[in-house]
Amino acid sequence: MNLEKEIRIHIKNAFKSIFDTDLDLAQLFLQPTRKEFEGTHTFVVFPFLKVTKMSPEDTAVVVGNFLKSRSGMIKDYNVVSGFLNLEIDTSVWVSCLDDMLKNQYWGQLADNGKKVMIEFSSPNTNKPLHLGHLRNNFLGDAISRIFEAAGYQVKKTNLVNDRGIHICKSMLAYKKWGNEETPKSAELKGDHLAGKYYVLFDKCYKEEIATLISKGVSEDEAKKLAPILLEAQEMLQKWEQKDTEVMTLWKKMNAWVYEGFEITYKSMGIEFDVIYKESETYLLGKGIIEEGLNKNVFYQRKDGSVWIDLKEEGLDEKLLMRSDGTSVYITQDIGTCDFKYDDFCMDQSIYVVGNEQNYHFNVLFSIMKKMERPYGEGLYHLSYGMVDLPSGRMKSREGTIVDADELIDEMFTTAAKHTLELGKIEKLTENESKNLFKMVGLGALKFFLLKVDPKKRILFDPRESIEFQGHTGPFIQYTHARISAILRRASSDGINEVLLPILEIHSREQILLAHLMRFEEVIAQAARDYSPALLAQYVYDLAKGYNGFYQELSIFNEPNDHLVTFRISLSRLTAKVIRRSMNLLGIEVPNRM
RNA sequence: CCGCCCGUAGCACAACCGGAUAGUGCAACGGCCUUCUAAGCCGUAGGUUGCAGGUUCGAAUCCUGCCGGGCGGGCCA
């Protein structure tokens, strides 16, 4: 039963019967009652005064009376100015709880027949992942899980940027100074090894620029003429010509990097359904240029370059192909759109990419719509803000990059330290303990990054470690562990969990139930708004609500058997929803901690 | 110069489609473990929601202008 919907129907009936007016269900929305008043659901009457032609108070009273006497589900009501606060009948609460517990699909919305492809992570193979990538990965992973829960068929993809000038920079530096070093000999993860040479390239490049400038070359010129850069560009050309030596080095170094990434993804708990490589897609898109010219969506300039005019969309004129016939960045993205569609026939396609590319995706999507692609309307850029340090943006040359592997390790260590200090896990095996530390450390990190509205930037201060108390992942995990202890005891005491009638439940229990009932709506909304943060907020509020209940009401010392059963069931459902919500965020929850 | 996003307590974040006295955590202060896990709970203090107008029964929320911060804008990715 959908309690809120039922109430709305009764309100609709009230207006029909008392005021002879038909109202749309959609406009009769309810809000949670503020905790200082009795009741759980509040109906605001202000918007309907034109219909009732009564004062707000009288309107609320009339509707309240109708609901109380006719709906069979409202025990009582109270009116505070124009707010009608409703108290739900206890038997209704109990049957709602029963319904949710028995519904094995609670938290999984019905299949809507739609397919969505979600692209995220998309690392470059010339350096290891950093904190910014973590936000991307966690967001992408969470939104994938949320869409699945919302009834979509999801395909998670990772388009690896494995070619291009930046890759050649690492390769060139390695060729020059690598001395046949390997991840094994250097005792470095492969991605970190590649990153080391990328940094070396940059260092040399900077020096060369300085030298040129001291010889009187302008800065702009120096940046273009530095010998090592020219050499890298030459290498890129050789790569494009599939030069054997270059290809061999490229394959060797990329393999190292992939090995390194695999370890990082594993420690993050992230997997993909498909991995695309840019080396296999970078030539796509040229065919579409011709199609666009034929359709008169694109136009050609005298020099032969191809453009699209997006001024009507509030964008600019945009270059799609250079005068020499080579393609630019966006051309391959255009091609990749079709490539993905050929692969998956999706209705929607989500790109999890930082907000620095907002403009780029506006352009890309406008183009695909103009090209009348079947998936055109379903393209969405899940844009997120940067993760900044107190000093501003992370900069590799200033050594302020927060490395993903290091940060995750640090989280594990901190989690272990906290857990051991509290000394509550003597019963766990060494393996179980280790698993717990990872669960909690990663939970803290993921929750920290996911609780914030994606489009806002996040400030990360490395000097202040990520919290384990308060509005955090571990707080929620802890609540789950606590409930697990209750459930263990209930089962060892052999308590029968069949719900039986009760006269009254506490307001804390009502609020908790009302919150639990909102779960599926939150999933739908999180998908609709592309925001895991909504779910993070929801599950935090749930844990908070449960802890209040837990503190105030005793379960096993309650004399009334029916209430004992009720509270255990309520706890069981809460644990279930916490686990499910956290899983949708990519976070696991422990049974003990 | 133009475009997009953000601005809420010392700090970090909420506030659903415009609704009640703008919530939560951290930090500070004061309570609560012989009773189901104190990574918890309860309380105190902390706000001119960047500024100025407008829309209306009602604005953190919608509109306009300004200020501050971020990101981006025809042959880079």
| task | Quick one: give the max-minus-min coordinate of the C-alpha atoms of chain A along each principal axis, largest first, in Å. | result | 89, 65, 42
| request: Return one number: the angle in degrees, 0 to 90 and rounded to the nearest 10, between the long axis of the Cα atoms of helix A:56-66 and the longest principal axis of the Cα atoms of chain A. | output: 70 degrees
| field | Per-peptide average of other Cβ atoms within 10 Å, ordering A:122-130, A:166-174 highest first | value | A:166-174, A:122-130
| message | Between A:Asn358 and A:Glu406, what is the label-point separation in nm under the 7 Å Cα-to-beta-carbon projection? | response | 3.1 nm
| note | To the nearest Å², the heavy-atom accessible area per residue of chain A with 1.4 Å probe amounts to 49 Å²
| remark: Whole-Å distance linking the alpha carbon centroid of the range A:278-338 with that of the range A:188-242 is 29 Å
| Loop GluC sites (Glu not before Pro), the range A:263-297 (other Cβ atoms within 10 Å of the site Cβ: 15 or fewer; DSSP) | A:Glu271
| Using alpha-carbon coordinates, inclination of helix A:165-177 to the longest axis of chain A, degrees | 60 degrees
| query | Treating the beta-carbon of each Lys and Arg as +1 and of each Asp and Glu as -1, no other charges, what is the dipole magnitude of the range A:1-51 about its Cα centre, to the nearest 20 debye? | reply | 60 debye
| By per-residue mean of other Cβ atoms within 10 Å, what is the highest-first order of A:530-543, A:181-194? | A:530-543, A:181-194
| remark: Of A:Tyr152, A:Tyr265, ordered by accessible area with the largest first and a 1.4 Å probe, the sequence is A:Tyr152, A:Tyr265
| Rel. contact order, % - alpha carbon contacts under 8 angstrom, at least six apart, chain A | 15 percent
| query | Excluding ligands and nucleic acids, what accessible area in Å² is computed for A:Glu467 using a 1.4 Å probe, to the nearest 10? | reply | 110 Å²
| task | Once you have the Cα-Cα distance between A:Lys242 and A:Asn591, take 0.36 nm times their residue separation minus that, and quote the gain in nm to one decimal. | result | 120.2 nm
| request: Determine which residues of the range A:185-207 fall in the zone a paramagnetic label at A:Glu234 would reach in this model, i.e. backbone nitrogen under 16 Å from the point 7 Å along Cα→Cβ. | output: A:205
| field | Magnitude of the charge dipole, chain A, Cβ model with Lys/Arg +1 and Asp/Glu -1, debye to 20 | value | 220 debye
| request: Averaging sequence separations of C-alpha pairs under 8 Å and six or more residues apart, then dividing by the length of the range A:3-88, give the relative contact order as a whole percent. | output: 28 percent
| What are the ³J(HN,Hα) values, in whole Hz, obtained from phi via the Karplus relation 6.51 cos²θ - 1.76 cosθ + 1.60 with θ = phi - 60°, for each residue of the range A:97-114 in sequence order, with x given for Gly and Pro? | 4, 4, 4, 5, 5, 7, 7, 6, 9, 4, x, 10, 6, 4, 3, 9, x, 9
| note | In chain A, taking the dipole from +1 charges on Lys and Arg beta carbons and -1 charges on Asp and Glu beta carbons about the Cα centre, the listed residue (A:Pro559, A:Ile476, A:Ala444) farthest towards the positive end is A:Pro559
| said: Please compute the length gained on full extension between A:Glu181 and A:Lys295, using 0.36 nm multiplied by the number of residues separating them and subtracting their Cα-Cα distance. | reply: 35.7 nm
| task | Before rounding to the nearest 500, sum -39500 (n - 2.57) across all DSSP H runs of length at least 4 in chain A and divide by the residue total; then give [θ] at 222 nm in deg cm²/dmol. | result | -17500 deg cm²/dmol
| said: Let's see if you can work this out: charge +1 on each Lys and Arg Cβ, -1 on each Asp and Glu Cβ, no other charges. What is the dipole magnitude of the range A:3-88 about its Cα centre, in debye to the nearest 20? | reply: 120 debye
| query | For A:Ile275 and A:Cys345 in the same chain, what is the full-extension length gain: residue separation times 0.36 nm, less their Cα-Cα distance, in nm? | reply | 23.5 nm
| query | Between their Cα atoms, which of A:Lys114/A:Lys156; A:Lys5/A:Lys102; A:Lys417/A:Lys544; A:Lys203/A:Lys395; A:Lys5/A:Lys68 are more than 18 Å away from each other? | reply | A:Lys5/A:Lys102; A:Lys417/A:Lys544
| remark: Of the listed links A:Lys206/A:Lys252; A:Lys295/A:Lys369; A:Lys115/A:Lys456; A:Lys196/A:Lys251; A:Lys169/A:Lys189, those spanning more than 22 angstrom between alpha carbons are A:Lys206/A:Lys252; A:Lys115/A:Lys456
| remark: Counting only DSSP beta bridges fully inside chain A, the antiparallel percentage to nearest 5 is 50 percent
| query | How many nm is it between the label spots at A:Ala26 and A:Tyr105, if each spot is 7 Å from the Cα in line with the beta carbon? | reply | 2.5 nm
| Taking Cα atoms, how many degrees apart are the long axis of helix A:507-517 and the longest axis of chain A, rounded to 10 and kept between 0 and 90? | 50 degrees
| message | Between A:Glu259 and A:Arg528, what's the calculated FRET efficiency when r is the beta-carbon distance and R0 is 35 Å? Round to 0.05. | response | 0.35
| remark: Percent relative contact order for the range A:423-584, counting Cα pairs under 8 Å at least six residues apart, stands at 31 percent
| message | Using the Cα centre of the range A:99-246 as origin and beta-carbon charges of +1 (Lys, Arg) and -1 (Asp, Glu), tell me which of A:Gln108, A:Asn137, A:Val246 is placed farthest towards the positive end of the dipole. | response | A:Gln108
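The values are calculated or read from the model by the stated rules, or taken from the named source; none is laboratory data. This one's a predicted model, so the numbers in the text were calculated from it and none came from an experiment. Neighbour counts are summed over all protein chains in view; Cβ atoms, including those assigned to glycine, are modelled from backbone coordinates with ideal geometry. We work out accessible area using only protein heavy atoms, side chains counted, and drop any ligands, DNA or RNA first. Shrake-Rupley method; radii C 1.70, N 1.55, O 1.52, S 1.80 Å.
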